[in-house]
Structures are given as structure tokens and as C-alpha cells.
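Have a look at the structure below before the remarks.
The values are calculated or read from the model by the stated rules, or taken from the named source; none is laboratory data. These numbers were taken from a predicted model, which means no experiment stands behind them. Glycine gets a Cβ as well: all are built from the backbone with ideal geometry, and neighbour counts include every protein chain shown. Ligands, DNA and RNA are excluded from the accessible area calculation, which covers all protein heavy atoms including side chains. Shrake-Rupley method; radii C 1.70, N 1.55, O 1.52, S 1.80 Å.
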Amino acid sequence: MEEDRVVLLRNRFRQLFGTEAALVVRAPGRVNLIGEHTDYNDGYVLPVAIDRSVLLAASPRPDRWVVVHALDFDQRAEFPLDDIVPDDEHPWSNYQRGVAWVLQSAGFTLPGLNMALTSDVPIGAGLSSSAAVEVATAYTWQVLGKLELDRVRLALLCQRAENEFVGMNCGIMDQFISALGQRDSALLIDCRSLDYELVPIPAHTAIIVADTRVRRELVSSEYNTRRRECEEGVHLLQRYLPGIIALRDVSPTQFAEHQAHLPDGVRQRCRHVICENDRVLRAVAALRADDLVTFGRLMDESHASLRNDYQVSCPELDALVMAAWRVKGVYGSRMTGAGFGGCTVSLVDESAVEAFREHVSAAYQAATGTAPEIHVCRAEAGAGVV
Ligand code: GLA
């Protein structure tokens, strides 16, 4: 329960710093329903903020230091606001450092802070635990430092902290949804204009996240390789489609016309992104029309495309997805996040949740020898003071 976590966090804060926390901020993890590896191609995504979150308790300090306790690791790190450098010994603290660095580079004056944080977003599972930490940290500084900052700008600054300080070249989706999510809705985000629309999750449906419990080191390097392949695709296609600046600008019909000019790997990557953007828009139309069957079919197609063309799935993700596909009442199921491990997301009729748990757990365990973790998620609001 979130209330219990908040009470425990406040108690720990008091023990650690000898004062009450001035506030507790919550920032959620996310699950993406459809639109994978499209955000850094200026495309469309459809994530929801989930009821798994980072909680951060904080109070201002009179000096220019930041002291952070990571309760889940039982570790402490500290750094001066006037000399922020990455810390290899406490890599988890690079999110606080990166956010402070990026806010100051943007011209904001920050107070020193004492902070304690705890998270129940599983780490490395493709549910954006790092974006949740960044957004919680930035929002805390925004409130305690009275920074004039809207939520879109806050998300962009957190993305910049991740790109330039932490060194992961991610798109905008994760920070955006953690900052701007809305209860009971997904957000259709246009990752070029950063306009967004709420898309309500129909009643009587459950969003189930199933965790392979596989974590792989190669995610960041493979991710950056995919990004480069997409850029190469744009570069090559520009010869035939001179107006384009990202794969977002290429329609499936134009792609079919010019794909023969692309080398094999790049062609597959581009096909995934171009068709996935198209699927997101069709999926949103289906969800708005309460056509869950079509929505689910598009999720399944998205998975096949990520597996075959984008090649970011893995045997464990495929096993979970295939197990889900066999359960009656499951509309659709696919891998979610960057891939190579982590989680799947399934849209399921409420009446089928128990069957899902039973069948998917048993089938995955039979295939891999490990039990998956299964969370039935609720679409929650983005970051805020608790
Ligand atoms: C990670 C990145 C996001 C997005 C997804 C893939 O979660 O942080 O920006 O690119 O992968 O859709």
C-alpha cells in the first residue's frame, strides 16, 4: 500500500536526518501499450503511468550540499551543487546528480537538499524505474526551489539528464508519462510536437504486466545501435523522399515503394518503426471505439514486428507472450519497453485475470524453469506531492 510506504519513508527520513521531511513526492513507472521504439523517431506512443512508483522524501538544507539515502540499497551519497560529477561507486545517485546538473545548466537556482527515496518499480524491467527517479527528483526541486517549470519542460530536462549525464540515449516517452500521466487513461503522445491526448482505458479491462525476470546488460548498447540504424534509414531514404527528417515522415506506402534501396538490417528496422507508428494511430481509434479485439490484434502485430524486424525480443519474452495469446479473454499481448528481457504487457478482460495468472505462470515456468512476476496494473496519475 502506498500509504504504508509513505509512513515508513517519513519515519526513516526522521531517523536519518533528525527532522521531518518537508514533503514526499511520488513519480510513477510506466507501461507502454503500443508504440515501441518510435519515440526517438519523432513518432507516436501510447503509455500509461502505473501504480508502481518512486517515493522521495526531502527537506531543504542551509548549505549547497545534497545528501541522498537510497533506502532500498541501504546506501548514502552526497555531492556539492557547485561541483557535480558522476559517481561510479554509487551509480544510483547519478540520477540526482544528473537532474541537479541539468536544472542548473538551464539557469535554475537550486537549494541544497536532504533526500531519502524508495521505489517499488522493478529495476531494469522495462517499466522506467530510472525515469521515475529522475522525475521525482526534478519535481522535488521544482516544489522546494519554487522553480517555474511546466511538466513538459520538466520531462525534457529529465530526458536530457539521462542522455547527457547518465549516458543512455533514450527518447522522451518515459519521462513524459511519469510527469504527465493521468488516472484511468493512456496518453497518446506525439513525440515530435509533444502534444498529447488522453485515451481512457475502457472499464472491465485489466492491464497486466508480466515480468520475465530476465535482465540483460546489452540493452543500452543494442538500443543505441537501433537508433543509429534508424538514422541511417532516414539518410538513405532522403535520396528518394527529400522532405523527410525522421522515420515518422514516411508512410507505409512510401516505404513499400522505396524499401528495395535499403540494406537488409536497416530495411527491417525502418519497416518496424514506420508500421508501428501506423499501428499506434489505428490502435487509438480502436480503443476510442471500444473495439478491444482490433486493439489487441495490433498489440500482437507489434510484438511480431519487434521480434522479427526490430529484433529486440528474446526467448523469455516470446514465451510469455505466446502463453498469454492462448488465454481466452486476452485481447492482446506484447513485449514492452526497450526489450531483451523485462516485461510484457497484456490487455485482458477483467473476467480473465485469474485464468491469465494461472495459465501464463504455469506455461512460462514449464518453458524456462522460472516463475514470472505478474502485476495487474492500474493507470495512475503522473508525479505529484503525496
Ligand atoms: C526505453 C526508452 C524509451 C523508448 C523505449 C522503447 O524505455 O527509455 O525512450 O525508446 O525504450 O520504446
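Here is a yes/no grid of residues against (1) within 16 Å of the ligand (Cβ to nearest atom); (2) at pLDDT 95 or above; (3) over 23 Å from Met173 (Cβ atoms); (4) in a loop (DSSP other than H, G, I, E, B):
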site: Arg14; (1), (2), (3), (4): no, yes, yes, no
site: Ser53; (1), (2), (3), (4): no, yes, no, no
site: Val66; (1), (2), (3), (4): no, yes, yes, no
site: Pro86; (1), (2), (3), (4): no, yes, yes, yes
Out of all the residues in region 324-346, is one or more part of a helix (DSSP H, G or I) and surrounded by fewer than 24 Cβ atoms within 10 Å (Cβ to Cβ)? yes
Hits in region 1-59 (condition: in contact with a strand residue (DSSP E or B) (Cβ under 9 Å, 6 or more places away or on another chain) and aromatic (Phe, Trp, Tyr)): Phe13, Phe17, Tyr44
Show the residue pairs that are 6+ apart or on different chains and have beta-carbon atoms under 7 Å apart, the first residue being within region 252-271 and without any contact (Cβ under 8 Å) to a residue 40 or more places away in the chain, the second being outside any helix (DSSP H, G or I). Gln254/Leu241; His258/Tyr240; His258/Leu241; His261/Tyr240; Arg271/Asp309
Within region 16-51, restricting to residues that are under 22 Å from Arg228 (Cα atoms) and assigned to a strand (DSSP E or B), the one that is nearest to the ligand (Cβ to nearest atom) is Val45
Of the residues that make up region 249-262, is at least one open to solvent by 80 Å² or more (accessible area, probe 1.4 Å) and part of a strand (DSSP E or B)? no
Residue pairs, Cβ under 6 Å, 6 or more apart or interchain, first in region 105-120 and modelled with pLDDT of 95 or more, second of a type in the set (D, E, K, R) and part of a loop (DSSP other than H, G, I, E, B). List them. Gly112/Asp63; Gly112/Arg64; Thr118/Asp72
In region 161-180, residue nearest to the ligand (Cβ to nearest atom) [restricted to those that are more than 26 Å from Thr212 (Cα to Cα) and surrounded by fewer than 21 Cβ atoms within 10 Å (Cβ to Cβ)]: Asn163
Would you be able to say whether some residue in region 176-187 is aliphatic (A, V, I, L, M), within 22 Å of Asp87 (Cβ to Cβ) and touching a residue at least 60 places away in the same chain (Cβ under 8 Å)? no
